[in-house]
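S.K.: Got a structure here, written out as structure tokens. Questions coming.
Values in this text are rule-based calculations from the coordinates and carry no lab data. Every value quoted in this text rests on a predicted model; they were computed, and no experiment measured them. Every residue, glycine among them, receives a Cβ derived from its backbone with ideal geometry; neighbour counts consider all protein chains shown.
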């Protein structure tokens, strides 16, 4: 009985994301993508598009950190749940703006909920790292204020370092 609402919820999110992405494509015109890795074929008439939020980098799923000396948690899951909570609970329209394509051929997007830049908010709240210097001031302030995972006993290492070491 619990599965049906979950499946229905995921289907609603997929339809919502497709409705948000479709105007982006029609606004920017045709895009030539160098790789089929940008999308995932779900079935004969459905695809999921791979997008990455520009300007941030979050801990990977399975990337551990220590919230206290004795409690190890998955900071990737923590960041993912935080992002989901923002999208679900913050008021305003969800807007996804295409800003480019990265070196892995993923679509780079800015995500807004109402007028709030979600990437910036995630860095300010200590749930994401600034990618390069895009949100460096916000990251520095978050570290200083020990916000989010910066207040942990052992915050996560930078995701690019973790990926290099473990993947």
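S.K.: At residue 42 and residue 89, where each label point lies 7 Å from the Cα along Cα→Cβ, what is the point-to-point distance in nanometres?
M.R.: Label at residue 42, label at residue 89, 2.7 nm between them.
S.K.: Where in segment 131-167 does the amide nitrogen come within less than 14 Å of the point 7 Å from the Cα of residue 69, taken along Cα to Cβ?
M.R.: 153-154
S.K.: Given labels modelled 7 Å from the Cα in the Cβ direction, how far is it in nm from residue 97 to residue 81?
M.R.: So the two model labels end up 3.2 nm from each other.
S.K.: Going by how many other beta carbons lie within 10 Å of each one, how would you line up 89, 60, fewest first?
M.R.: Values: 89 8, 60 19.
Final ranking by Cβ density, sparse to dense: 89, 60.
S.K.: What order do you get for 130, 154, 115 when you list them from fewest to most C-beta neighbours inside 10 Å? Present the calculation step by step, with values, prior to reporting the outcome.
M.R.: Numbers: 130 20, 154 14, 115 8.
Ascending Cβ contact count within 10 Å gives the list 115, 154, 130.
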